[in-house]
Amino acid sequence: MKPLLAALLVWLPAQAPAQVAEPDDYRMDHYRGPVPSTLFGATVVGPEEAHRLWEDGGTAFIDVLPQAPKPANLPPGTIWRDKPRLSIPGATWLPNVGYGAIAEVTATYFRDGLAEATARDPAHPVLFFCLEDCWMSWNAAKRALEYGYETVYWLPEGTDGWALWDYPTERILPREPQP
């Protein structure tokens, strides 16, 4: 075998993306990293299929990107502005619901947000996303399945993949918790 061909055969497998196994439970840490290509019970979609669902208008889009908290140690009088979130137009932003373990108040916020986005119909299709290689959307979609939602889509490429296809984005605000 020629040296160049032998080197190429050794180099190519190292360039292939690592396959990530779907865990049995939620991802509990290191939320930014390679994600599985599957989510049992859900349909995994790419940006083109997500765009088709968005254009059809029959699917609730749920953005689960976490929202950075206001730092506790800011000097008095400091103006704090949340980082703007450019997302899929019409999406509901439910920040911080994609962690592996969530407090009951966050679970209630998540359930209420899903109920509002789906007109309280667990058969209403719902699509979860965050950023590319973000376990938050995987966790949130898995949780929605456990809550009884029947048609769950997961967009692992998130808004990064959506924007790469030059699909529209808009600034959205997080859903405020209801009293």
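Tally up the carbon and sulfur contribution to the accessible surface of the chain as a whole percent, 1.4 Å probe, everything protein left in place.
The C+S portion of the solvent-accessible surface of the chain is 57 percent.
To check you understand DSSP bridge types, tell me what percent of the beta bridges within the chain (both residues inside) are antiparallel, rounded to 5.
Around 25 percent of the beta bridges assigned by DSSP in the chain are antiparallel ones.
Compute the length gained on full extension between TRP80 and ARG120: take 0.36 nm times their separation in residues and subtract their Cα-Cα distance, giving the result in nm to one decimal. All intermediate terms of the calculation are to be shown ahead of the outcome.
Values: separation 40, 0.36 × 40 = 14.40 nm, distance 3.47 nm.
Full extension of this stretch gives 10.9 nm more.
For GLN19 paired with THR38, estimate the spin-label separation in nm (one decimal), with each label point 7 Å from Cα along the Cα-to-Cβ line.
Once both label points are built, they end up 0.9 nm from each other.
If a paramagnetic tag sat 7 Å from the Cα of TRP165 along the Cα-Cβ line, which residues of the range 25-59 would have the backbone N under 20 Å from that point?
Under cut-off, by backbone N: 35-39, 42-59.
Packing-wise, with mean Cβ within 10 Å as the measure, how do 101-114, 153-166 rank, highest first?
Averaged packing, sorted descending, gives the order 153-166, 101-114.
Determine the per residue accessible area of the chain with all protein chains present and a 1.4 angstrom probe, expressed in square angstrom.
58 Å²
With no solvent and one point per C-alpha, what does the Debye sum give as log10 I(q)/I(0) for the chain at q = 0.10, 0.14 Å⁻¹?
Each listed q maps to, in turn, -0.44, -0.76.
Within the range 138-174, what residues put their amide N at less than 12 Å from the label point 7 Å along the Cα-to-Cβ vector of GLN67?
Under cut-off, by backbone N: 172-174.
How large is the helix-only mean residue ellipticity at 222 nm for the chain, computed as the sum of -39500 (n - 2.57) over DSSP H runs with n ≥ 4, divided by its residue count, in deg cm²/dmol to the nearest 500?
-9500 deg cm²/dmol
Before anything else, pin down the relative contact order of the chain: Cα pairs under 8 Å, at least 6 apart, normalised by residue count, whole percent.
30 percent
Under the classification rounded if a/c is under 1.5, otherwise prolate if a/b is larger than b/c and oblate if not, where does the range 11-99 fall, given a ≥ b ≥ c as square roots of the Cα gyration tensor eigenvalues?
Note, shape of the range 11-99 comes out oblate.
Decide, for the range 121-162, between rounded, prolate and oblate: order the square roots of the alpha carbon gyration tensor eigenvalues as a ≥ b ≥ c, take rounded if a/c falls under 1.5, and otherwise choose prolate if a/b is larger than b/c, else oblate.
It comes out oblate by the Cα gyration axes.
I need the peptides 59-72, 128-141 ranked by packing, meaning the mean over residues of other C-beta atoms within 10 angstrom, with the highest value on top. Please report the intermediate quantities before stating the final value.
Details: 59-72: 17.4, 128-141: 25.7.
Going from most to least packed, we get 128-141, 59-72.
The values are calculated or read from the model by the stated rules, or taken from the named source; none is laboratory data. Since the structure is predicted, the reported quantities are computational estimates derived from the model, not experimental observations. Positions of Cβ are backbone-derived with ideal geometry, glycine not excepted, and every protein chain shown enters the neighbour counts. Just the protein is used for accessible areas: all its heavy atoms, side chains included, with ligands, DNA and RNA removed. Shrake-Rupley method; radii C 1.70, N 1.55, O 1.52, S 1.80 Å.
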